[in-house]
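Peer 1: Quick one: the structure is below, and I'll ask about it shortly.
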Amino acid sequence: MTNIKSSNLGYPRIGEKREWKRALESFWKGDITESELLEKTTAIRLDNLKKQQDLGIDLIPVGDFSLYDHILDTSASFGIIPKRYDYEGGKVDINTYYQLVRGSDDAIASEMTKWFNTNYHYIVPELNEQQPELKINRALKYYNEAKEKLGINGKPVLVGPITYVSLAKGYHQDEFNDLVNQFTPLYVQILKELAEAGATWVQIDEPIFSTNVSEEVVAIAESVYQTIAKEVPEIKVIFQTYFERLFHYERLSKLPVAGLGLDFIHGKSLELLQKYGFPEDKYLAAGVIDGRNVWRADLQEKSKLIDQLRTYVKEDQLIIQPSSSLLHVPVTKTLETKIDPLILGGLSFADEKLAEINLLTQVANDKKTIDQEEIINSTEALEALKEKYRSNDSVAIEISKLSEEDAQRDVDFKERLARQKGSLGLPLLPTTTIGSLPQTKDVQQTRSKWRRGEITNEAYESFVKEQIAKWIKIQEELDLDVLVHGEFERNDMVEYFGEKFNGFLVTEYGWVQSYGSRCVKPPLIFGDVDWSEPITVKESVYAQSLTDRHVKGMLTGPVTILNWSFVHDATPRTEIMKQIALALRKEVEALESAGIQIIQVDEPALREGLPLDRAKWDEYLNSAAYAFRLATASVQAETQIHTHMCYSNFEDIFSSIDALDADVISIETSRSHGELVSTFEENTYEKEIGLGVYDIHSPRVPAIEEITENIDRALQTITPESFWVNPDCGLKTRNEQETIDALKVMVEAAKSAREKITVKQ
Ligand code: GLN
Ligand code: ZN
């Protein structure tokens, strides 16, 4: 009897109905005490463990649960707490922990950024201030808990030292080695204590090796894992990578570890085995079930893959697992009541994926055969879905006829600019906002009531209209130049379009963690995407009817809609991106013919979609720019296309931003102004640009001097004729008064900057 094991890499924290989110937020509001928070979150954690136990997983991850973020947990366990917070050493208490992410009166919050190519955000460690020390062995704490409470001999999960230091900031590249070396003994200590407590397997996540790291970093890994192997030989370390293949496979596959965790979904890992083989002394922890998507796996096919993998490993040195932590998928599909049964049959969320892993492991251990019903079912369910995938032949035909010209505007930028200046009649340094305005409790509650059927469509629509009218008036009083309708009708910029396009569906409970307590509910793309009727025209036209100023139409771009959805993989992603672009193109045209002269198409997810492998960047960026242009190119020269992105570090994708051919781009910069300005010094950018002049993520109302300084600094490199004044991002998370106060200051700053320029000229 073989003993191939099943494993999991991480389980969603948020609970089936986001109980976790509610617990955190109640604690922040002061509605529950610290011990109540711990009680609630412990219950969720144990429940998660119990489920994995019941689903028959052999290696259950422990220590992957968090009260916010696992990188923040790692920082806290090593005492890496910037000095600006109230921290006096020792174990980091809960209030300090949350100060890092929420800021305090006198300390700004830590930076957060996207976790590899996902929409999960981690808190960036700052390594310039303290020497790391082991303040608490979290892994041990949760290992013991699982053992005592549920009799689980868990597999502790740690973020590896090289990945941790790579993701941190505040040091110079020269110090990289030294820093890693400071952490290594702490990892040794953690592992020793785990060994004493009885742990056998430990998963050390080193996803940084699924990116293009240098040979020097590989050498560091060799030395670190050599030390660990020597000091703690009794622990079986799995060197875990995911989201791409393992780079430097030839060298890294020889690391002195017990197991190598590879992603067989997102990188060509199989080719690596074919080319270089697999070391005899190691376990292959094979990620064969997609941890990033919600579609069911064809278990017959997966079994064949597993058979193939077995030819590379010795006897039963194989572990069957998801391709990554299941943090990136919703918890369970069993709560969904509104999804077409055929589609539901083709879905698999975290719990269902673990069941798939269990089945595959049973097949591998000859406890089941692949012609058994449960296995065949998966193949049949996917077969049945095929009719849904290709739901609309006319879309495929339209796509096949597309040419490069379809994605080109008729008139080049310089000429468009001249015509737009003439027809729009905007002042120098025009002021505007990014689109959304405060989503107050009232707005949220009214939408919930409408969704629950407690108020009629008419009542809801007239409520939205009232909000629009109120804010058009406010924006006029503020004397903004280009107004927005405020996006009151939208819960989320992607889900909103997902609900209206064909080929999409939205779930009831399909939440995944995005940052902290904030979760998103990505729509599912199951079929051909298509537009059937105007989506945003009604609100934009209504807003425009109330004012003589221009109101911007507001859409989410094709790349962002694709990247923030769960997309089935029967059709290539680039083709679906074109489908979305064509659908948006029809919406853009509908807005234009309804008299909207400025249309913004947001692409905040463009950058995060960059492949981890740099060799794949060009292909991605080209298809992204093509899709954006396809969505926006059919308008007249006088119609001004805007786009918006919520990050500023785009030195390396500068030319692609230009290739979008948007007339105006607004980007976030208030927290990294200097860097961005230098990007513009080094590159020529002819189009118009609005660098965010204040940070909307904080409730603080900016001082006029700060905004003026930001404007002045930008004007050192960007000509006043091409500069727009706007906040960093949408205002939906701010309250009404903060928003009005901040915008007042912004408009005032813009006006005085304008005066200075006119005087000079
Ligand atoms: N128009 C959107 C808003 O203002 C843009 C949001 C975003 O960039 N994430 O909310
Ligand atoms: Zn933004």
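Peer 1: What residue, among those in the range 634-652 that are within 16 Å of ligand 2 (Cβ to nearest atom) and either among the polar types (S, T, N, Q) or over 24 Å from Gly425 (Cβ atoms) (or both), is surrounded by the most Cβ atoms within 10 Å (Cβ to Cβ)?
Peer 2: Within the range 634-652, the first condition is being within 16 Å of ligand 2 (Cβ to nearest atom), and the residues that meet it are 642-650.
Those still in the list that are either among the polar types (S, T, N, Q) or over 24 Å from Gly425 (Cβ atoms) (or both) too: 643, 645-650.
On the way: Thr643: 25, Met645: 22, Cys646: 21, Tyr647: 18, Ser648: 21, Asn649: 14, Phe650: 17.
Across the range 634-652, the extreme among qualifying residues is Thr643.
Peer 1: I've got another one for you. Give Glu748, Glu675, Glu668 a once-over and let me know the one that is modelled with pLDDT of 90 or more and either in contact with a strand residue (DSSP E or B) (Cβ under 6 Å, 6 or more places away or on another chain) or surrounded by fewer than 19 Cβ atoms within 10 Å (Cβ to Cβ) (or both).
Peer 2: Being modelled with pLDDT of 90 or more and either in contact with a strand residue (DSSP E or B) (Cβ under 6 Å, 6 or more places away or on another chain) or surrounded by fewer than 19 Cβ atoms within 10 Å (Cβ to Cβ) (or both) holds for just one of Glu748, Glu675, Glu668, which is Glu748.
Peer 1: Moving on to the next point. So which residues in the range 695-733 are within 13 Å of ligand 2 (Cβ to nearest atom), in a loop (DSSP other than H, G, I, E, B) and either free of Cβ contacts under 8 Å to residues at least 60 places away in the same chain or not acidic (Asp, Glu) (or both), if there are any at all? Please lay out each step first, then the result.
Peer 2: First, the residues of the range 695-733 that are within 13 Å of ligand 2 (Cβ to nearest atom): 695-697, 726-733.
Checking which are in a loop (DSSP other than H, G, I, E, B) leaves us with 695-697, 727-733.
Those that are within 13 Å of ligand 2 (Cβ to nearest atom), in a loop (DSSP other than H, G, I, E, B) and either free of Cβ contacts under 8 Å to residues at least 60 places away in the same chain or not acidic (Asp, Glu) (or both): Asp695, Ile696, His697, Pro727, Cys729, Gly730, Leu731, Lys732, Thr733.
Peer 1: Continuing with the same structure: Sort out which residues of the range 169-218 are part of a loop (DSSP other than H, G, I, E, B), closer than 24 Å to Asp64 by Cα and in contact with a helix residue (DSSP H, G or I) (Cβ under 8 Å, 6 or more places away or on another chain), and write them in order of number.
Peer 2: Our first condition is that a residue be part of a loop (DSSP other than H, G, I, E, B); within the range 169-218, this holds for 170-172, 198-200, 206, 211-214.
Add one more test, that the residue is closer than 24 Å to Asp64 by Cα, and what stays is 198-200, 206, 211.
Residues satisfying the conditions are Gly198, Ala199, Glu206.
Peer 1: Given (1) at pLDDT 95 or above; (2) away from ligand 2 (no atom under 16 Å from the Cβ); (3) hydrophobic (A, V, I, L, M, F, W, C), where does Ala570 come up short, assuming only one miss?
Peer 2: So Ala570 meets the others, but not (1).
Peer 1: Among the residues of the range 367-401, which ones are exposed (fewer than 13 other Cβ atoms within 10 Å of the Cβ) and either touching a His at 6+ places or on another chain (Cβ under 8 Å) or within 15 Å of Lys304 (Cβ to Cβ) (or both)?
Peer 2: Thr369, Asp371
Peer 1: Next up: Among the residues of the range 641-669, which ones are in a strand (DSSP E or B) and among the hydrophobic types (A, V, I, L, M, F, W, C)? Steps first, please.
Peer 2: Of all residues in the range 641-669, those in a strand (DSSP E or B) come to 641-645, 664-667.
Within the range 641-669, Ile641, Met645, Val664, Ile665, Ile667 qualify.
So that you can scan it fast, the table gives a plain yes or no per residue for (1) over 24 Å from the mean Cα position of the chain (by Cα); (2) surrounded by fewer than 20 Cβ atoms within 10 Å (Cβ to Cβ); (3) among the β-branched types (Val, Ile, Thr):
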| position | (1), (2), (3) |
| --- | --- |
| Thr684 | yes, yes, yes |
| Gly692 | no, no, no |
| Val701 | yes, yes, yes |
| Glu706 | yes, yes, no |
| Pro720 | yes, yes, no |
| Glu738 | yes, yes, no |
| Ala742 | yes, no, no |
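Peer 1: Going through the range 1-51 one residue at a time, which ones are over 26 Å from Asp263 (Cα atoms) and hydrophobic (A, V, I, L, M, F, W, C)?
Peer 2: Met1, Trp20, Ala23, Leu24, Phe27, Trp28, Ile32, Leu37, Leu38, Ala43, Ile44, Leu46
Peer 1: Does Arg452 satisfy the condition of being under 19 Å from Thr719 (Cα atoms) and either within 16 Å of ligand 2 (Cβ to nearest atom) or basic (Lys, Arg) (or both)?
Peer 2: Considered against the rule, which asks whether it is under 19 Å from Thr719 (Cα atoms) and either within 16 Å of ligand 2 (Cβ to nearest atom) or basic (Lys, Arg) (or both), Arg452 comes out as no.
Peer 1: Ile468 - would you say it is over 30 Å from Tyr98 (Cα atoms), touching a Phe, Trp or Tyr at 6+ places or on another chain (Cβ under 7 Å) and surrounded by 20 or more Cβ atoms within 10 Å (Cβ to Cβ)? Spell out the reasoning first.
Peer 2: Working: over 30 Å from Tyr98 (Cα atoms): yes; touching a Phe, Trp or Tyr at 6+ places or on another chain (Cβ under 7 Å): yes; surrounded by 20 or more Cβ atoms within 10 Å (Cβ to Cβ): yes.
Answer is yes for this residue.
Peer 1: Can you find even one residue in the range 174-187 that is in contact with a strand residue (DSSP E or B) (Cβ under 7 Å, 6 or more places away or on another chain) and not aromatic (Phe, Trp, Tyr)?
Peer 2: no
Let's see how each residue does on (1) in contact with a strand residue (DSSP E or B) (Cβ under 6 Å, 6 or more places away or on another chain); (2) β-branched (Val, Ile, Thr); (3) part of a loop (DSSP other than H, G, I, E, B):
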{"site": "Glu533", "(1), (2), (3)": "no, no, yes"}
{"site": "Lys538", "(1), (2), (3)": "no, no, no"}
{"site": "Tyr542", "(1), (2), (3)": "no, no, no"}
{"site": "Met554", "(1), (2), (3)": "yes, no, no"}
{"site": "Ile599", "(1), (2), (3)": "yes, yes, no"}
{"site": "Arg607", "(1), (2), (3)": "no, no, yes"}
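Peer 1: Moving on. So which of Ile306, Ile319 is of a type in the set (Val, Ile, Thr) and assigned to a helix (DSSP H, G or I)?
Peer 2: So the residue among Ile306, Ile319 that is of a type in the set (Val, Ile, Thr) and assigned to a helix (DSSP H, G or I) is Ile306.
Here's the yes/no breakdown for (1) of a type outside the set (Gly, Ala, Ser); (2) closer than 27 Å to Ser110 by Cα; (3) away from ligand 1 (no atom under 16 Å from the Cβ):
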position: Ala703; (1), (2), (3): no, yes, yes
position: Thr708; (1), (2), (3): yes, yes, yes
position: Ala714; (1), (2), (3): no, yes, yes
position: Pro727; (1), (2), (3): yes, yes, no
position: Arg734; (1), (2), (3): yes, yes, no
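Peer 1: Which members of the range 430-444 meet the condition of being more than 16 Å from ligand 1 (Cβ to nearest atom), over 26 Å from the mean Cα position of the chain (by Cα) and either among the polar types (S, T, N, Q) or farther than 23 Å from Leu555 by Cα (or both)? Talk me through it step by step, then tell me what you get.
Peer 2: Here is the first cut: in the range 430-444, the ones more than 16 Å from ligand 1 (Cβ to nearest atom) are 430, 441-442.
From what's left, over 26 Å from the mean Cα position of the chain (by Cα): 430, 442.
Asp442 - this is the single residue of the range 430-444 that is more than 16 Å from ligand 1 (Cβ to nearest atom), over 26 Å from the mean Cα position of the chain (by Cα) and either among the polar types (S, T, N, Q) or farther than 23 Å from Leu555 by Cα (or both).
Peer 1: What are the residues in the range 269-297 that are crowded, with 17+ Cβ neighbours inside 10 Å, among the aromatic types (Phe, Trp, Tyr) and either farther than 27 Å from Ala381 by Cα or modelled with pLDDT under 95 (or both), if any?
Peer 2: Of everything in the range 269-297, those that are crowded, with 17+ Cβ neighbours inside 10 Å, among the aromatic types (Phe, Trp, Tyr) and either farther than 27 Å from Ala381 by Cα or modelled with pLDDT under 95 (or both) turn out to be Phe278, Tyr283.
Peer 1: Would you check if Leu483 is touching a His at 6+ places or on another chain (Cβ under 9 Å) and farther than 30 Å from Lys388 by Cα?
Peer 2: yes
Peer 1: A further question on this structure: Is there any pair linking a residue in the range 260-273 that is in contact (Cβ under 8 Å) with a residue 40 or more places away in the chain to one that is part of a helix (DSSP H, G or I) and buried (at least 23 other Cβ atoms within 10 Å of the Cβ), with Cβ under 8 Å and at least six apart or on different chains, and which?
Peer 2: Hits for this filter: Asp263/Ser210; Asp263/Ser269; Gly267/Ser210.
Peer 1: Just one of (1) surrounded by fewer than 18 Cβ atoms within 10 Å (Cβ to Cβ); (2) charged (D, E, K, R); (3) over 30 Å from Ile152 (Cα atoms) trips up Glu36, so point out which.
Peer 2: Unmet for Glu36, out of (1) surrounded by fewer than 18 Cβ atoms within 10 Å (Cβ to Cβ); (2) charged (D, E, K, R); (3) over 30 Å from Ile152 (Cα atoms): (3).
Peer 1: Hey, Val559 hits all of (1) hydrophobic (A, V, I, L, M, F, W, C); (2) at pLDDT 95 or above; (3) surrounded by 22 or more Cβ atoms within 10 Å (Cβ to Cβ); (4) in contact with a strand residue (DSSP E or B) (Cβ under 9 Å, 6 or more places away or on another chain) but one; which does it fall short on?
Peer 2: Of everything listed in (1) hydrophobic (A, V, I, L, M, F, W, C); (2) at pLDDT 95 or above; (3) surrounded by 22 or more Cβ atoms within 10 Å (Cβ to Cβ); (4) in contact with a strand residue (DSSP E or B) (Cβ under 9 Å, 6 or more places away or on another chain), Val559 misses just condition (4).
Peer 1: Would you tally the residues in the range 417-446 being polar (S, T, N, Q) and either at positive phi or more than 16 Å from ligand 2 (Cβ to nearest atom) (or both)? Steps first, answer last, please.
Peer 2: Here is the first cut: in the range 417-446, the residues polar (S, T, N, Q) are 420, 423, 431-433, 436, 439-440, 444-446.
If we keep only those that are either at positive phi or more than 16 Å from ligand 2 (Cβ to nearest atom) (or both) as well, we get 420, 423, 431, 440, 444-446.
Summing the residues that are polar (S, T, N, Q) and either at positive phi or more than 16 Å from ligand 2 (Cβ to nearest atom) (or both) in the range 417-446 gives 7.
Yes or no, residue by residue, for (1) assigned to a helix (DSSP H, G or I); (2) over 28 Å from Asp47 (Cβ atoms):
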residue: Thr334; (1), (2): yes, no
residue: Thr337; (1), (2): no, no
residue: Ile343; (1), (2): yes, no
residue: Lys368; (1), (2): no, no
residue: Ile375; (1), (2): yes, yes
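The values are calculated or read from the model by the stated rules, or taken from the named source; none is laboratory data. All values derive from a computational prediction rather than experimental measurement. Cβ atoms come from the backbone with ideal geometry, glycine included; neighbour counts cover every protein chain shown.
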